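Please read the structure below before turning to the comments.
Here, each number is a calculation from the coordinates, and none is a lab measurement. What you see is a predicted model; the values in this text were computed from it and never measured. Here Cβ is always computed from backbone atoms with ideal geometry, including for glycine, and neighbour counts include all displayed protein chains.
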Amino acid sequence: MKLTKRIVDKAEIKNKNYVIWDDDVKGFGLRVYTSGIKSYMIQYRASGRTRKLTLGKHGILTPDEARKLARENLVDVAKGGNPTEDKKLYSEAPRFSVLCDRFLDEHAALNCKPSTVKEYTRCVNIFINPSLGSFKAQDITRQDVAKLHHTNMHIQYQANRILGVLSKIFNLAEEWGLRPDGSNPTRHVKKYQEKKRERYLEPDELRKLWEVMEKRLSEKLENSHMIAAFKMLLLTGCRLGEIQTLKWEYVRGNALILPDSKTGAKKVYLGMPTLEVLSSLARIENNPYVFVGKKEGGYITDFQKPWRRIRKDAKIEDVRIHDLRHTFASYAVSGGETLHITGKLLGHSQVQTTSRYAHLADAPMHEAADRVADAITNVIQNKGKVD
């Protein structure tokens, strides 16, 4: 018989469970339980076995709604699907917070630098898990990702980093079979436009900074290792972490041989002024680091507080520590060094990274153009005059 509301409502409660099958859709039926509950279900064969899938209770679903749902699932079976197994996999699928933990433990910890792992962990704990952690991994949509990205639009740089971390996690979810291939919901979520800051010290600012560092050192207002570290940052263009964790064993003649950096192993070329800074520092027994911190056997951990004091005295309070690296690069390019050489000095792995300083190379060219134009103008103005 065809299941109708009248037939379902009249179905008798017996002392054992039984099924009334629908004649209209083969495999669709109503299971009547001894408890009085009536549920719609389908029965089919997949992988050589008989499978059953509960569609929902009568009352929540009408017979017509249940029949439509049955048809959809049975069509999926005809195409090779297995809705019962899909439902089981879904119920066993991890929350997104569990997937994030797996990402940190099985991917980041094994493939990324400790500083990167720290940043990923911070991003997951502060931004991602509070918003998406309770979702099933396969339930997260592009709209969910876009909403999280938009929520953090007031910190656009961080919002873009969140999007980048999410993209990595979802790519791994596909690789691990937790989401369908090509389903990464971060696709087409547009990042905010980031403006690269290009602050570097003008000659008078540079002189003032050096003067302030020398003065504060002579007055014992700053640690000699701290002042030396800032000088090294300025004279080498190194990243803060490279100088902060520099060991004496990395100093080889007139170069630093760093076993690891943001771009891998790196050689830093040292000029004479830089070597003089290093020679002014005494090696501390049982401490392998060049710039010694307060903790025994450790390196300096807090650069920000001393830097804020120094830049305030030098009246350059908008200058960040990383701008010392920009300053090194700007003086290299404007001094006539090629982008290739400047990139090598900075340890850039791609010339595109160095190209942000390309406009600074125009300064000597403009000066040369002025000299040539002046020479031509002088000849023109003197033309026809009798000496």
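Per-structure values
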read-out: Fraction in percent of alpha-carbon pairs per bin - 5 Å, the range 96-175; value: 3, 15, 29, 28, 16, 8, 1
read-out: The range 204-341 - percent relative contact order, Cα under 8 Å, separation 6 or more; value: 29 percent
read-out: Exposure proxy order (Cβ contacts within 10 Å, fewest to most) of Lys195, Lys88, Lys231; value: Lys195, Lys88, Lys231
read-out: The range 96-175: relative contact order in percent, alpha carbon pairs under 8 Å with at least 6 residues between; value: 37 percent
read-out: At q = 0.14, 0.19, 0.24 Å⁻¹, base-10 log of I(q)/I(0) for the range 5-92 (Debye sum, equal scatterers on each alpha carbon); value: -0.49, -0.86, -1.23
read-out: For the range 59-209, convex hull volume per residue from C-alpha positions, Å³; value: 170 Å³
read-out: Order of His326, His188 - criterion: other Cβ atoms within 10 Å of each residue's Cβ, fewest first; value: His188, His326
read-out: Whole-Å distance, taken between Cα centres, linking the range 219-234 and the range 24-99; value: 71 Å
read-out: The chain: relative contact order in percent, alpha carbon pairs under 8 Å with at least 6 residues between; value: 9 percent
read-out: Rh (Kirkwood; distinct C-alpha pairs) - the range 138-294, Å; value: 19.6 Å
read-out: Note, ³J(HN,Hα) from phi for the range 280-290, Karplus 6.51, -1.76, 1.60, rounded to Hz, x at Gly and Pro; value: 7, 9, 8, 6, 8, 4, 6, 10, x, 8, 6
read-out: C-alpha long axis of helix 323-334 to longest principal axis of the chain, angle in °; value: 60 degrees
read-out: Counting all C-alpha pairs of the range 203-363, share separated by more than 25 Å (%); value: 31 percent
read-out: Computed Rg/Rh of the chain, alpha carbon atoms with Kirkwood Rh; value: 1.25
read-out: Least to most buried among Leu166, Leu246, Leu69, Leu110 (fewest other Cβ within 10 Å first); value: Leu110, Leu69, Leu246, Leu166
